[in-house]
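A.B. asks: A single structure is presented below for examination.
The values are calculated or read from the model by the stated rules, or taken from the named source; none is laboratory data. Remember, it's a predicted structure, so these values are computed and weren't measured experimentally. When we count neighbours, we look across all protein chains shown, and the Cβ atoms used for this are built from the backbone with ideal geometry, even at glycine. Each accessible area value is taken on the protein alone, full model and side chains, heavy atoms only, with ligands, DNA and RNA left out. Shrake-Rupley method; radii C 1.70, N 1.55, O 1.52, S 1.80 Å.
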Amino acid sequence: MADTIATAYVTIEPTFEGVSKKLEAGLGDESDKAGRSAGSKFGSGFASVLGAGTKIAAGAVAAGATAAAGIAKGAMESFAQFEQLAGGAELLFGTASDSVMKNAESAFQRVQMSTNDYLQTANSFATGLKESLGGDSQAAADLADAIIVAQADVVAATGNSAENVANAFAGIMKNNFTMLDNLQLGIKPTKEGMQEVIDKMNELNGTKYEMGNLADMQSAIVDYIDYVGMAGYAQNEASDTIEGSLATMKASWENLLTGLGDKNADLSSLIDNLVTSSETVATNMLPVLEQA
């Protein structure tokens, strides 16, 4: 487009300069100075407009090319990460990997996480949970999802950072309880504090969680988060709050980037998810902007 406009500019500018000179030559009478001036201004003015148009068009093309290159780069990187994580889920969860993928695809709405972020987190729990559950891959996949949802609920309810909350759950996988206070649930950051949670949940729910079993300890924390009334906070925030809806929209965008690199992706659904999440953001923001 820029080349076309530039060519037109080179062709038309001399033409209007010529018209201007002819107007001046044809209006030889001094009384027609105004006419000569108008002709001159018309030619030079039009040429200036064309020149500005050339610069704007060239800038737009350059900006568009830069944006397209950025999106292409982002899509390639995002899809490359997805390939690795999806392969890891298939290896780690085996027959339950389809269930993990399904949960990952809906994570943008349930826990404001992209598919890639969900897979990365779920994969990090896979081995420890499977061993603690006697090799039951499906049970491990279900518990990994419950942990991720519980993490998101705590973040949504307390305003704590996702990193701090994730570190608390990750610490349990290493029998390290010093970061349990990151959850801001009043749990003592000690082995004794973890035992108190287990005892409490066994008493209330009739479960038989055991200290030292990674799956049991994670399940006890998940149950405790439900017990204190935080379950469901993340999903509610996705639709009702500015921060939650923005996080959902961000995850939707990241999923679309991944899809742009995946020949098997359902781009229509990914675009619909982004549009819908954007509309939710607008709905949540407008009353605040009006009030401000």
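A.B. asks: Cα-Cα over 31 Å: which of Lys130/Lys200; Lys102/Lys200; Lys102/Lys191; Lys174/Lys200?
C.D. replies: Checking Cα-Cα distances, Lys102/Lys200; Lys102/Lys191 exceed 31 Å.
A.B. asks: Of all trypsin sites (Lys or Arg not before Pro) in segment 140-204, which ones are in loop regions per DSSP and have a Cβ with at most 12 other Cβ atoms within 10 Å? Intermediate results must be reported in sequence, preceding the final value.
C.D. replies: Working: sites: Lys174, Lys191, Lys200; in loops: Lys174.
Here the sparse-neighbourhood loop sites are Lys174.
A.B. asks: Next question, about the same structure. Ignoring ligands, DNA and RNA, what percent of the accessible area of segment 176-218 is carbon or sulfur (1.4 Å)?
C.D. replies: C and S fraction of accessible area: 46 percent.
A.B. asks: Report the gain in length on full extension from Thr127 to Ala292: 0.36 nm times residue separation, minus Cα-Cα distance, nm rounded to one decimal.
C.D. replies: 54.4 nm
A.B. asks: Per residue, what volume in Å³ does the Cα convex hull of segment 154-292 take up?
C.D. replies: Roughly 149 Å³ of hull volume per residue.
A.B. asks: Next question. Subtract the Cα-Cα distance of Ser239 and Asn176 from 0.36 nm times their separation in residues, and report this length gain in nm to one decimal.
C.D. replies: Contour length minus the Cα-Cα distance gives 19.2 nm.
A.B. asks: Here is a further query. Tell me, what ³J(HN,Hα) does each residue in segment 280-292 have, in order and in whole Hz, if you take phi through Karplus 6.51 cos²θ - 1.76 cosθ + 1.60 with θ = phi - 60° and put x for Gly and Pro?
C.D. replies: Result, ordered by residue: 5, 4, 4, 4, 6, 7, 4, x, 5, 5, 5, 5, 5 Hz.
A.B. asks: Right, something else. List, in order, the whole-Hz ³J(HN,Hα) value for each residue of segment 164-172 obtained from phi through the Karplus relation with A = 6.51, B = -1.76, C = 1.60 and θ = phi - 60°; use x for Gly and Pro.
C.D. replies: 4, 5, 4, 5, 5, 5, 5, x, 4
A.B. asks: Equivalent ellipsoid semi-axes for segment 155-219, as square roots of 5 times the alpha carbon gyration tensor eigenvalues: give them largest first, rounded to whole Å.
C.D. replies: 20, 13, 10
A.B. asks: Apply the Karplus parameterisation 6.51 cos²θ - 1.76 cosθ + 1.60, with θ equal to phi minus 60°, to every residue of segment 89-98 and state each ³J(HN,Hα) to the nearest whole Hz, in sequence, with x for glycine and proline.
C.D. replies: Couplings: 5, 5, 5, 7, 9, x, 5, 8, 5, 4 Hz.
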